[in-house]
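Data block below; observations after.
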Amino acid sequence: MTSASIISISAPMQAVIVDVLCQPGDQVNAGSRLIVLEAMKMQHVIKAESAGQVTDVAVNKGDVVDDGTRLCTLHVLDAAPATRHEATPSTPQHDAALADLQRARALTLDDARPDVVSARHAKGKRMARENIAALVDPGSFREYGALVFAAQRTRRSEDDLRRNTPADGMVAGLATINAQRYGEQRSHCIVLHYDYTVLAGTQGALNHAKTDRLLEIAAKSNRSVVFFTEGGGGRPGDVDVQTLAGLHIGSFAAMARLSGQVPLIGIASGYCFAGNAAFLGCCDVIIATEDASIGMGGPAMIEGGGLGRHRPADVGPTDVQSTNGVIDILVADEQQAVNAAQHYLGFFQGNSSEWEGGDTSILSSLIPANRREVYDMRAVIEALADMGSMLELRAGFGKGMITALARIEGRPVGVIANNPAHLAGAIDHEGADKAARFMQLCDAHALPIVSLCDTPGIMVGPESESHANVRHCSRLFVTGANLSVPIVTLIIRKAYGLGAMAMAGGGFHEPLATLAWPSGEFGAMGLEGAVSLGYRKELEAITDDALREQRFAEMVKQAYERGKALSAATHFEFDDVIDPAESRRWIVDTLSTHNDQSPTTGKRRPNIDTW
């Protein structure tokens, strides 16, 4: 026999009875709806906690009850206690709401615009969501504002706007990138992508609001930002919003404030003009496809300013923007741009436990025995770095200076290096700007710097000074001397004058370690110049040209013997002469005590110079 119990069900609050769904004698299941109350315009459904039989009902529809008033009584079998409530059954209202949601969401997807997708693909371009899917970890993208559309209700129907301006031309949200490789903590990112198939990727009122919202989240949660900026700038057709010029919007300041706080990656493919280009220019790194045109004003703005008519492809093409320093990484297409973004971002996501070291045994052989013969500095970097890790920035600009990100035994570092194949490695105004700005990037995001020095010094002469060399080259001293990250300097060959000091953060005792290879040579200025100036009278006194040249060569050789690494090391102006094959071990050991964790709040620097 099973025992039975009587449960009295009472009102949980003061309320009005709006419906009585049970009668005495009804058999009910656990979760069955018994009585509906209403309080403060909200309805509360009283359900049976266990299966049983209703024995009496004490209230009627329309009654006002107090907290604790008995509503009904339930006769319950103790042998069958309820362990969980039944799910509330779906209602026609719920089904209709879900159907409306599904229809609205369907219109935001690329499947709703097959003709647009086909036209985009025919141009060799991808849709915004295709790029995002290729960039982020599978299944990690959470879109914000997918259901918005252009602020043009007063001139177009809502159905037209939903179908033709989905997401107001901005696909944006949260995601993770490289989580499997570098861990969850630093993988969280913000992704924003203008949709060029919606009103030419222009900046609408609501996509500006969406941008503001996500940039605010990036600031609060220290999330990296990846911004696809293809588009034509401001949009004049959003008539629902009453503005004069829109100069009060905070989007650009919000983006700029993130500089130095989180990594900012800009990707330009196709046309990128005006406001879109301004966002791009605020980024730490600009990745561009070969078909990109980037300008602070597009053809319409140029013509409106009385500056003539120009094709969009002629405004800031990549052959211009890569050689003048605007573009950091030039790639063939959008897939390569996505790959470069993942590679770049990885340097700011921590150490890698999976790495394969380069063959350091070849380093000595990369430096010719003839001290006046050029060599490939990039090959030196690749041999020092983990295999496949090197990523060069601004390769087309400032060719006398190489700036690259790399890993050494899994640890990310920044590399600056003189390029002896260009002006013998002399530092000119472009090279100085390039290296100083790169130092800021490394400093802001806690990457130690490895400097490879082979320079005859800072470029001199009337032509060089016409480019404001005094100011540009001094940036290396001001920036290097104020870094919070450590430097390790390797003297590969030439280390002369102010240029060599600039490559070491201001002086050879500024880095954690300043080391020379046996091929290193030192002096206050280049050997040939020092001999020519210091022994001018003696050399001019030799009237025979052949004898004069012979004497000059002898003096240079003597100067080299005094300044070569093994001799110079005896003066302790630098720390040691090492076998090039030991360079990786020196770098790893020297940097082993450096804390590479970026601050969780605040910034190491106010910002990173855009130039």
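The values are calculated or read from the model by the stated rules, or taken from the named source; none is laboratory data. On a predicted model such as this, the values are computed, not experimentally measured, just so you know. We place every Cβ from the backbone using ideal geometry, glycine too, and count neighbours over all the protein chains shown. Side chains included, ligands, DNA and RNA excluded: accessible areas come from the protein's heavy atoms. Shrake-Rupley method; radii C 1.70, N 1.55, O 1.52, S 1.80 Å.
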field: Placed amide H near TYR496: partners under 5 Å, 5+ positions off or other chain
entry: THR455, GLY457
query: Between ALA481 and VAL45, 0.36 nm times their residue separation minus their Cα-Cα distance comes to what?
result: 149.9 nm
statement: One would report the antiparallel percent of DSSP beta bridges in the chain, rounded to the nearest 5, as 55 percent
statement: Expressed to two decimals, region 466-611 has a Cα Rg over Rh, using the Kirkwood radius, of 1.10
Ordering of 422-435, 210-223, 115-128 by packing [mean C-beta count within 10 Å, highest first]: 422-435, 210-223, 115-128
- request: Run the accessible area of the chain with a 1.4 Å probe and give the carbon-and-sulfur part as a rounded percent.
  value: 54 percent
Extension gain, VAL588 back to LEU247 (0.36 nm per residue minus Cα-Cα distance, nm): 117.8 nm
Kirkwood Rh in Å, taken over all unlike Cα pairs in the chain: 29.1 Å
- request: On a 0 to 90° scale, report how tilted helix 469-480 is relative to the longest principal axis of the chain, with both axes built from alpha carbons and the result rounded to the nearest 10.
  value: 60 degrees
query: Under a plain spin-label model, where a point goes 7 Å from the Cα along Cα-to-Cβ, how far apart in nm are ALA421 and ASP19?
result: 7.9 nm
field: Coordinate range along principal axes, alpha carbons of region 346-435, Å, largest first
entry: 39, 31, 14
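Determine, for each peptide in 96-105, 345-354, 183-192, 557-566, the mean count of other beta carbons within 10 angstrom over its residues, then list the peptides with the highest first.
Going by the mean number of other Cβ atoms within 10 Å, highest first, we get 183-192, 345-354, 557-566, 96-105.
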- line: With the charge dipole of region 145-280 built from beta-carbon charges (+1 for Lys and Arg, -1 for Asp and Glu) about the Cα centre, the Cα from ALA167, ALA219, PHE149 projecting farthest to the positive end belongs to ALA219
FRET E, pair ARG103, HIS310, Förster distance 56 Å, beta-carbon r, rounded to 0.05: 0.80
message: Translational diffusion coefficient of region 454-536 at 37 °C, 0.692 mPa s, Stokes-Einstein with Kirkwood Rh over Cα pairs, in µm²/s as a whole number.
response: 241 µm²/s
query: Under a straight-distance cross-link criterion of Cα-Cα below 23 Å, which lysines are reachable from LYS61, leaving out those fewer than 8 residues away in the same chain?
result: LYS41, LYS47
message: Going Cα to Cα from LYS494, which lysines come in below 30 Å? Please leave out same-chain ones fewer than 8 positions away.
response: LYS399, LYS434, LYS537, LYS557, LYS564
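Find the accessible area per residue for the chain; the probe is 1.4 Å, ligands and nucleic acids are left out, and the unit is Å².
47 Å²
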field: Spin-label pair ARG155/GLU354, simplified geometry with 7 Å Cα→Cβ offset, distance in nm
entry: 5.2 nm
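Quick one: Kirkwood hydrodynamic radius for region 377-515, alpha-carbon pairs, angstrom, one decimal?
It is 14.5 Å.
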field: Under-5 Å amide H pairs with VAL331, H placed in peptide plane, nonlocal only
entry: ALA288, THR289, GLU290
query: Computed FRET efficiency, Cβ-Cβ of SER532 and ALA468, R0 30 Å: what is it to the nearest 0.05?
result: 0.65
task: With the cut-off at 16 Å, report for region 204-262 the share of all Cα pairs above it, as a whole percent.
output: 48 percent
task: Treat each spin label as a single point 7 Å out from the Cα along the C-beta direction, and report the SER361 to GLN558 distance in nm.
output: 4.2 nm
